[in-house]
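I have placed the structure first, in the form of structure tokens, so that the comments after it can refer back to it.
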Amino acid sequence: MSRKSQSLIAAGKIKPIEWNISKEEAAQALSNFGVPVREVKKVTCLKHQVCVSYWDMDGKVCCSFFSYRIFARWQKAVEQLIQNCHTFGEWDRLGDVIQYDLLRFRYPVEMANKIWDMLKNRCYQIRTDLQMADALAV
């Protein structure tokens, strides 16, 4: 039976609605994303996205929805999930969700590359750990 494809949020792997993102963190993420911000007025965390009210560089009040995937905290949360995989089964299940997420949603390229590299490296670490355990068991 095939598994239902889900995002990291829908699968319950990451719960950014609980993050309590600061105005400073939102301003930094928007700036890195290419949205010039003079000052963030309000940040509202929703289940699948964050709503940010801000003043743009011309002093106009703006309000937009942004993906959590533009935040550095998102990358750290995904990296922690990967690091917490200790078996190939855990790694494989998480890898399916991450692959779906990377293909389905827009990620900053550098972030996507780092997540993918970390996922591959974790596979090698798990394999090495298993080989060492097998060698010690002999």
Please give, to one decimal in nm, the separation of the simple spin-label points placed at SER5 and ARG93, each 7 Å out from Cα toward the Cβ. 2.0 nm
Could you state how much accessible area CYS63 has, in square angstrom rounded to the nearest 10, with a 1.4 Å probe and all protein chains kept in place? 80 Å²
For the chain, longest principal axis from Cα atoms; helix 72-83 axis from its Cα atoms; angle between them, nearest 10 degrees, is 10 degrees
Accessible surface of the chain [probe 1.4 Å, protein heavy atoms]: carbon and sulfur percent: 52 percent
Residue-level accessible surface for ASP129, protein heavy atoms, 1.4 Å, Å²: 90 Å²
For the chain, averaging the sequence separation of alpha carbon pairs under 8 Å that lie six or more residues apart and dividing by its residue count, the contact order in percent is 21 percent
Accessible area, 1.4 Å probe, largest first: how do SER22, SER53 sort? SER22, SER53
Can you tell me the 0 to 90 degree angle between the C-alpha axis of helix 88-104 and the longest principal axis of the chain, rounded to 10? 30 degrees
Could you give the size of the charge dipole of the chain about its Cα centre, using +1 on the Cβ of each K and R and -1 on the Cβ of each D and E, expressed in debye and rounded to the nearest 20? 420 debye
Where is the GNM fluctuation largest for the chain (alpha-carbon springs, 10 angstrom cutoff): LEU94, LEU119, LEU46? LEU46
In a GNM of the chain with a 10 Å cut-off on Cα contacts, which of GLU110, GLU90, GLU79 has the highest mean-square fluctuation? GLU110
Might you tell me the accessible area per residue for region 28-96, computed with a 1.4 Å probe and given in Å²? 57 Å²
Below 8 Å, C-alpha to C-alpha, sequence gap of six or more: please give me the relative contact order for region 1-75 in percent. 24 percent
Approximate spin-label separation GLN28-ASN121, in nm, with each point projected 7 Å along Cα-to-Cβ: 2.0 nm
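The values are calculated or read from the model by the stated rules, or taken from the named source; none is laboratory data. Since the model is a prediction, treat every value here as computed from it, not as a measurement. Note that we place each Cβ from the backbone using ideal geometry, even for glycine, and neighbour counts take in every protein chain shown. Quick note on the areas: whole protein, heavy atoms, side chains included, nothing else; ligands and nucleic acids left out. Shrake-Rupley method; radii C 1.70, N 1.55, O 1.52, S 1.80 Å.
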